Amino acid sequence: MKQQQIQEQKQKDIRSTFRIFCYINKQKVKADGTTTILCRISIDGKQTVLTTGIHCRVEDWNAKKGEVKAEILNNRLIKFKERIENTYEYILKEQGVVSSELLKNTIVGINTTPKNLLQAGEIEIERLRLRAIEISSNSTYRESRLTQLNLKEFLESRGLKDIAFTAIREEFGESFKTYLKVVGERKSSYINRCLTWLNRLIYIAIDQEVLRANPLEDVRYEKKDPPKHRFVSRQDLKRIIETPMSSSMMELVRRAFIFSSFTALAYVDVKGLYPRHIGKTADGQAYLRIRRKKTDVEAFIPLHPIAIQILELYNTTDDSKPVFPLPVRDRIWLDINQIGIVLGFKENLSYHQSRHSFGTLAISAGLSIESIAKMMGHANISTTQTYAQITEQKISEDMDKLIKRRKETSRTKNS
């Protein structure tokens, strides 16, 4: 413990010597009246200078504040400094020590102004990787890597290793869509995510003045597929409730899943649940009142006895700590999937199915759309109505199966 405190103090001491200072060289002004904004990095008294790749007019530079009058340029400068900060923290965490030269060399590798599509994608992915470390969530980083891989495979199918931004035309975007549909057999939602990544890189190129306009502006996104909310059936939920797990982490995840199935809370909301969110009505009915992270809409949820039993196993008094000692969502993906495997489910089990299960079971139980919307914290009641559509479809499918069985039984009797 003492060794850890010494290490933490060392990192604080190193951090206190880290400085970033942006400036311009008035002696090196181009014919158009602009000059490059430079950045001086100082660590432990040793300095190094690197270019930001941003240019401004001399009269637009505020030397006292170290910023540009033009908002667009200033935002780019802020992002550049944030990138240095994030890279510094990453190196310090990984290696325990940072020098100004090491930081410069790392930044230069990340900060080159890309002229080609895949090159820009790799740089943006590196930025997202550092951001993922900062916020302890790598879902965006992971998805970006997959969409970048799709772009790479598409270019390879054309015999290209990369493509210059200036060579991209509308045909490129349309062909990319066709490739994803035909070769990849991808659904509309997946294709749209890939197009979003492609456009993201295009707009980075525009921001860095590699392009003047988006050549893919007229490439339309695919029509969205009807929402398909995967949920667990009443019988499968009963099996989850009746089957404790041997691993302490899997057991925690199992209980959280059951809790979400009876409260409609997403994982991020369960993780952010504190004792202050628990209350009781005048007649003693326990409830939750919490703002959903995704929609910022307040949810009011009367608690089912099973949800109350689970709450009683965890923290319901100390408001400085969350109710459930849950890790970040990315760490439980394997555990929730493993629970599905242990129980012999045919399809992969995901945590969010618990929330969809609540909506579907609530509709089946005859609760009103308005009440369910309030409990689920939906911003729009049309979102809640999708659960009614799922239930109607399930009833229709069950009726079809019943009719089919009766026909087969009748045919057997007649023969």
Quiz prompt | Amide H partners (placed H, <5 Å) of Leu211, local residues excluded | solution = Ile206
Quiz prompt | Efficiency of FRET from Cβ geometry, Tyr221 and Asn62, R₀ 41 Å, rounded to 0.05 | solution = 0.50
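Using 1/(1 + (r/R0)^6) with R0 = 60 angstrom and r between the beta carbons of Ser233 and Lys93, what's the FRET efficiency to the nearest 0.05?
0.85
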Quiz prompt | In Hz, Karplus ³J(HN,Hα) per residue of segment 26-43 (6.51, -1.76, 1.60; θ = phi - 60°; x = Gly, Pro) | solution = 5, 7, 10, 10, 6, 4, 7, x, 9, 9, 7, 7, 9, 10, 9, 9, 10, 9
Exercise. Would you mind checking which residues have amide H under 5 Å from Thr36's amide H? H placed 1.01 Å from N; only 5 or more apart, or other chain.
Key: Asn25
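State which entries of Lys187/Lys224; Lys69/Lys115; Lys81/Lys104; Lys46/Lys104; Lys115/Lys152 exceed 20 angstrom in Cα-Cα distance in the structure shown.
Details: Lys187/Lys224 9 Å; Lys69/Lys115 27 Å; Lys81/Lys104 12 Å; Lys46/Lys104 12 Å; Lys115/Lys152 16 Å.
Pairs exceeding the cut-off: Lys69/Lys115.
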Quiz prompt | Extension gain, Ile308 back to Glu370 (0.36 nm per residue minus Cα-Cα distance, nm) | solution = 20.0 nm
Quiz item: Per-residue HN-Hα couplings for segment 260-276, Karplus 6.51 cos²θ - 1.76 cosθ + 1.60 at θ = phi - 60°, whole Hz, x for Gly and Pro?
Solution: 5, 5, 10, 10, 6, 7, 6, 4, 5, 6, 5, 5, x, 7, 10, x, 5
Quiz item: Once phi is turned into ³J(HN,Hα) by the Karplus curve 6.51 cos²θ - 1.76 cosθ + 1.60 with θ = phi - 60°, what whole-Hz value does each residue of segment 67-76 show in order, with x for glycine and proline?
Solution: 8, 9, 5, 5, 4, 4, 5, 5, 5, 5
Self-check item: Relative contact order for segment 128-241, counting Cα pairs under 8 Å that sit 6 or more residues apart, in percent
Solution: 24 percent
Quiz item: What FRET efficiency comes out for the pair Glu82/Ile206, r = Cβ-Cβ distance, R0 = 22 Å, nearest 0.05?
Solution: 0.65
Quiz item: Points 7 angstrom from Cα along the Cβ direction at Glu251 and Asp296: gap in nanometres?
Solution: 4.0 nm
Practice problem: Could you list which residues have their amide H under 5 Å from that of Asn116, counting only those 5 or more apart in sequence or on another chain, with H placed in the peptide plane? | Solution: Phe165
Quiz item: Residue separation times 0.36 nm, minus the C-alpha to C-alpha distance between Arg19 and Ala167: what's the value?
Solution: 49.2 nm
Quiz item: Just how far, in whole angstrom, is segment 346-363 from segment 176-255 if you go by their alpha carbon centroids?
Solution: 18 Å
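Every number here is computed from the coordinates shown, using simple stated rules; none is lab data. In this text, all values refer to a predicted model and were calculated from it rather than measured experimentally. When we count neighbours, we look across all protein chains shown, and the Cβ atoms used for this are built from the backbone with ideal geometry, even at glycine.
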